[in-house]
Amino acid sequence: MNKKSIISKLLIVAFVVGFGVLCAFTGSVNSPAGTLWSLFPPVIAIGLALITKEVYSSLFIGILAGGLLANGFKPIKTVDAIINKGLIESVSGTAGIFVFLVILGTIVALLNKAGGAQAFGNWAAKHVKGKIGASLATFAFGVLIFIDDYFNCLTVGAVMRPVTDKAKISRSKLAYLIDATAAPICMIAPISSWAAAVSEYAPEGVSGLAMFIKAIPYNFYSLMTFVFIITLTLMKFDYGPMKLHEANALNGDLFTSGEGSQNDEEEVVTNTRAKVIDLVFPIIVLIAICVYGLYYIGQTGKLSFADAFGNTDATVGLPWGGLIALIVVIVYFIARRLVSFKDAMACVPKGFNAMVPAILILTMATSLKNMTGLLDSDSFVKTALAGASGFNNFLPAIIFIVACGISFATGTSWGTFGILIPIVTSIFDVNSALGIMSMSACLAGSVCGDHCSPISDTTIMSSAGAQCDHINHVSTQLPYALTVAVISFISYIIAAFIQNVWISLVISIAFTIGTLFVIKLFTKKNA
């Protein structure tokens, strides 16, 4: 850790302690719960992570600040809250995802050991031409895996890494392509874990799935992110920090900086017996069984396929399907004589080791969310948004910004729309044009903030899927996400006055493409 990082963190700790002393001796702040201070811990963590480029200690300082604020700066109670309400609850709440991460890491290790990854890479080198082909193939594969964002991030990363590496696409760009596809596609897919979560908040007498489907055309952030990716790829340029990463990748440095460049790359196994089917078949098995696992866990009574997804739990369904898929893959590779049983078992700890950074960051990020929950940030948001209810035509844009802020600070899309959807449905009739628009703005803002946040689980797993340094991923992705966010904000203002979804979409698409042309022209002039 450099001197600047140490000084930054010492200053933040001193500020937190100083604030606690001020509260204790002056009584000027009775309780930070339900006030603007409730968002202080995640802001500290995010700010430090971006400044110091070091995520573990930044997250811990945010957790510590949350514990201190929630417990009146009492040391024993603070430690108790951090351990019990923070770390232990975060592990127990996400244990299923940890299991799935390890299973997927093991399958990836098996694919490499059996030579399937190399065989697919050789095939892709002949059929997927250049950076444009590799980028669009990654995007297309991400769109196809619309069931769940966790599954999307890790599966797309595992399959497409060899392809993008050969095309000299940086790991930061791969992480962006994964992240920019995963949550947005889940947010506009009627059969997905995200659609299920949104449906739970439908007001009485309203079909949750119907409400979700109506909101899709106005989900500007998700839809414009897709337009942005395709246009940026076809225009063959990058801007912001991503430009440096892509330039370095052309010279053979896929990482530029960070942990990813310091880790030894896993040895690529060449097996003359391996074929493309030895990667395709395991992935198809994994997808099929995980989809069934999500359906099976949600199927209680005689529910339809869509309703079963509305009742499922991804933290159970994904490891359920992943474990069965792992067994099938091991049996398949042994039967094909590509690996021995001993080799297969050696891939288990290798898969676990590959996922340790993601598990650590996810644990600490979830702990930080728990600390923010103890500070009752929900109440502060509800009070602040209620004051804006008089600006009806501007409310969709305001809701979008509020959702971005909450999701960015807390790192959770689901928690954000869980807070905001009940507020939106209480202000508007969800069948009215402004009601549908405001619902879409809530969902779009939740995805946008989650996309930008260093403590978002989807962002963390996109880094894991691409095997990219996490802070590199966040810093390179941020300018792209913010560009689409500004476009979406303006689109909601225009849409509220036009109130015609198709005209609004055409304007938004034209605005997105035009913005990229302007940025390309500007970056050329300043090159």
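The values are calculated or read from the model by the stated rules, or taken from the named source; none is laboratory data. Because the structure is a prediction, the values reported are computed rather than measured. Counting neighbours? That spans all protein chains shown, and the Cβs are built from the backbone with ideal geometry, glycine included. All accessible areas refer to the heavy atoms of the entire protein, side chains included, with ligands and DNA or RNA removed. Shrake-Rupley method; radii C 1.70, N 1.55, O 1.52, S 1.80 Å.
Below, the figures for the structure above:
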{"item": "R337, sole failed condition from (1) in a helix (DSSP H, G or I); (2) farther than 26 Å from S92 by Cα", "result": "(1)"}
{"item": "Residues of the range 52-71 satisfying the condition of being surrounded by fewer than 22 Cβ atoms within 10 Å (Cβ to Cβ), of a type in the set (S, T, N, Q) and at pLDDT 75 or above", "result": "S57, N71"}
{"item": "The range 418-473, subset among the charged types (D, E, K, R) and assigned to a loop (DSSP other than H, G, I, E, B), residue farthest from M211 (Cα to Cα)", "result": "D469"}
{"item": "Residue within the range 428-446 that is under 30 Å from V108 (Cβ atoms) and at pLDDT 85 or above present", "result": "yes"}
{"item": "All positions within the range 374-395 that are at pLDDT 80 or above, buried (at least 18 other Cβ atoms within 10 Å of the Cβ) and outside any loop (DSSP other than H, G, I, E, B)", "result": "L374, L395"}
{"item": "S340 being farther than 26 Å from L36 by Cα, out of contact with any strand residue (DSSP E or B) (no Cβ under 9 Å at 6 or more places or on another chain) and at pLDDT 80 or above", "result": "yes"}
{"item": "Candidate set: the range 396-429, residues that are surrounded by fewer than 24 Cβ atoms within 10 Å (Cβ to Cβ) and farther than 18 Å from F380 by Cβ; chosen: the one nearest to the chain's Cα centre (by Cα)", "result": "W414"}
{"item": "Leading residue by the ranking (most open to solvent (accessible area, probe 1.4 Å)) among those in the range 231-258 that are within 28 Å of I188 (Cβ to Cβ) and part of a loop (DSSP other than H, G, I, E, B)", "result": "K236"}
{"item": "Residue match in the range 454-473 (condition: modelled with pLDDT of 90 or more and in contact with a Phe, Trp or Tyr (Cβ under 6 Å, 6 or more places away or on another chain))", "result": "no"}
{"item": "Per-region count, the range 430-453, residues touching a Pro at 6+ places or on another chain (Cβ under 7 Å) and surrounded by 24 or more Cβ atoms within 10 Å (Cβ to Cβ)", "result": "4"}
{"item": "Any hit, the range 349-370, residues being farther than 30 Å from I471 by Cβ, touching a residue at least 12 places away in the same chain (Cβ under 8 Å) and more than 24 Å from the chain's Cα centre (by Cα)", "result": "no"}
{"item": "Residue match in the range 120-134 (condition: more than 20 Å from D253 (Cα to Cα), open to solvent by less than 10 Å² (accessible area, probe 1.4 Å) and not charged (D, E, K, R))", "result": "yes"}
{"item": "Residues of the range 101-119 satisfying the condition of being within 27 Å of the chain's Cα centre (by Cα), over 22 Å from I169 (Cα atoms) and open to solvent by 20 Å² or more (accessible area, probe 1.4 Å)", "result": "V102"}
{"item": "Any hit, the range 313-321, residues being farther than 19 Å from L101 by Cβ and in contact (Cβ under 8 Å) with a residue 24 or more places away in the chain", "result": "no"}
{"item": "Selection from the range 18-51 of residues that are β-branched (V, I, T), at pLDDT 65 or above, in a helix (DSSP H, G or I) and surrounded by fewer than 20 Cβ atoms within 10 Å (Cβ to Cβ)", "result": "V43, I51"}
{"item": "Matching residues in the range 72-100 - criterion: being touching a residue at least 40 places away in the same chain (Cβ under 8 Å), open to solvent by 30 Å² or more (accessible area, probe 1.4 Å) and aliphatic (A, V, I, L, M)", "result": "L87, V91, A95, V99"}
{"item": "Members of the range 495-527 found to be out of contact with any Ser or Thr (no Cβ under 6 Å at 6 or more places or on another chain), surrounded by fewer than 17 Cβ atoms within 10 Å (Cβ to Cβ) and hydrophobic (A, V, I, L, M, F, W, C), listed by number", "result": "F497, W502, I503, V506, I507, A510, F517, V518, L521, F522, A527"}
{"item": "Check on F228, assigned to a helix (DSSP H, G or I), in contact with a helix residue (DSSP H, G or I) (Cβ under 9 Å, 6 or more places away or on another chain) and either modelled with pLDDT under 95 or not basic (K, R) (or both)", "result": "yes"}
{"item": "Matching residues in the range 270-279 - criterion: being modelled with pLDDT of 85 or more and either in contact with a Cys (Cβ under 8 Å, 6 or more places away or on another chain) or among the aliphatic types (A, V, I, L, M) (or both)", "result": "A274, V276, I277"}
{"item": "When residues of the range 473-488 are limited to those that are among the β-branched types (V, I, T) and more than 14 Å from S446 (Cα to Cα), the one most open to solvent (accessible area, probe 1.4 Å)", "result": "V486"}
{"item": "Selection status of A81, at pLDDT below 80 and more than 24 Å from L154 (Cα to Cα)", "result": "no"}
